[in-house]
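The values are calculated or read from the model by the stated rules, or taken from the named source; none is laboratory data. All figures in this text were calculated on a predicted structure; none of them were measured in a lab. Positions of Cβ are backbone-derived with ideal geometry, glycine not excepted, and every protein chain shown enters the neighbour counts. Remember, those area values only see protein heavy atoms, side chains included, never the ligands or the DNA or RNA. Shrake-Rupley method; radii C 1.70, N 1.55, O 1.52, S 1.80 Å.
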Amino acid sequence: MKRTLALMIACTALISILSGCQPKKRKQDYENAAVTQQKSESYEDAVKECFNASYSMGGGEVFYAYMYPDAAIDAMKQSGQYEELVSTFNAGQENRFRMNNSKLEYDGIVDSHEINDDQKAAAKKYLVQLSEQFAPELTEDKLDIKEGYEVTFSHLRDGEQDGKDTVLVIRLNDEGWKVITG
């Protein structure tokens, strides 16, 4: 229960960061079909796909694929927690969509640059701490960041500029891209 609560709080924080904590408007119109698999080849595509997974019905699996290292996801699945966590994320999104009817859209990358060694070390530390409850055997030395970028992107609400967010996007081990918010 503590794990689920901690994860729900983390997801709520991420959603707040990405949405900009603005007052609620009309009901959200989400035309995106459920996104169920990470498909991005580039960091630009990863940012967009992660944003869309966060703001679409049924995007929990892709959201988790961008949030956690594969070792943590595998451990969640082996423990039987994965489906419940994804289901909780998706249910939270459905409730959020019912309460807010603004249409949120990814608008594009405003700025990006390669991350430095300190940012790489911080990303590894973050991923190990995030994964600790599921995969305590995961250590920073098991994480190899192939490339990484600090990316600022903009988003729209009902077709109007809504704000900008900055994330770290890293290509981890042979797993694909991970998106670190905040």
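Answer with yes or no whether Y82 is open to solvent by less than 30 Å² (accessible area, probe 1.4 Å) and without any contact (Cβ under 8 Å) to a residue 24 or more places away in the chain. For Y82, the condition - open to solvent by less than 30 Å² (accessible area, probe 1.4 Å) and without any contact (Cβ under 8 Å) to a residue 24 or more places away in the chain - is met. Pairing each residue of region 43-68 that is under 12 Å from I180 (Cα atoms) with any residue that is part of a loop (DSSP other than H, G, I, E, B) and among the acidic types (D, E), provided the two are 6+ apart or on different chains, yields C-beta distances under 9 Å for A65/E175.
Within region 85-121, the set of residues being free of Cβ contacts under 8 Å to residues at least 40 places away in the same chain, part of a helix (DSSP H, G or I) and of a type outside the set (S, T, N, Q) comprises V86, A91, E94, D117, D118, A121.
Has region 122-142 got at least one residue that is within 14 Å of K48 (Cα to Cα) and β-branched (V, I, T)?
Within region 122-142, the first condition is being within 14 Å of K48 (Cα to Cα), and the residues that meet it are none.
No, every residue in region 122-142 fails to be within 14 Å of K48 (Cα to Cα) and β-branched (V, I, T).
With (1) in contact with a strand residue (DSSP E or B) (Cβ under 7 Å, 6 or more places away or on another chain); (2) surrounded by 14 or more Cβ atoms within 10 Å (Cβ to Cβ); (3) at pLDDT 95 or above as the list, and N101 as the residue in question, which single condition is left unmet? Evaluating N101 over (1) in contact with a strand residue (DSSP E or B) (Cβ under 7 Å, 6 or more places away or on another chain); (2) surrounded by 14 or more Cβ atoms within 10 Å (Cβ to Cβ); (3) at pLDDT 95 or above leaves (3) as the failure. Farther than 22 Å from D158 by Cα and under 14 Å from the mean Cα position of the chain (by Cα), is that true of V47? Spelling it out, it is not the case that V47 is farther than 22 Å from D158 by Cα and under 14 Å from the mean Cα position of the chain (by Cα).
Any residue in region 107-126 that is hydrophobic (A, V, I, L, M, F, W, C) and open to solvent by 70 Å² or more (accessible area, probe 1.4 Å)? Explain how you work it out, then say what you get.
Initial filter on region 107-126 (hydrophobic (A, V, I, L, M, F, W, C)): 109-110, 115, 121-123.
After this cut, where a residue has to be open to solvent by 70 Å² or more (accessible area, probe 1.4 Å) as well, the list is 110.
Looking through region 107-126, at least one residue is hydrophobic (A, V, I, L, M, F, W, C) and open to solvent by 70 Å² or more (accessible area, probe 1.4 Å).
Mind checking which residues of region 68-79 are open to solvent by less than 20 Å² (accessible area, probe 1.4 Å) and either out of contact with any Phe, Trp or Tyr (no Cβ under 8 Å at 6 or more places or on another chain) or under 23 Å from S102 (Cα atoms) (or both)? Correct list: P69 only. Output the residues belonging to region 50-65 that are open to solvent by less than 30 Å² (accessible area, probe 1.4 Å) and of a type outside the set (A, V, I, L, M, F, W, C). Hits for region 50-65 are S54, Y55, S56, G58, G59, G60, Y64. Under the condition of being of a type in the set (G, A, S), open to solvent by 30 Å² or more (accessible area, probe 1.4 Å) and within 21 Å of D111 (Cβ to Cβ), the residues counted in region 132-182 number 1.
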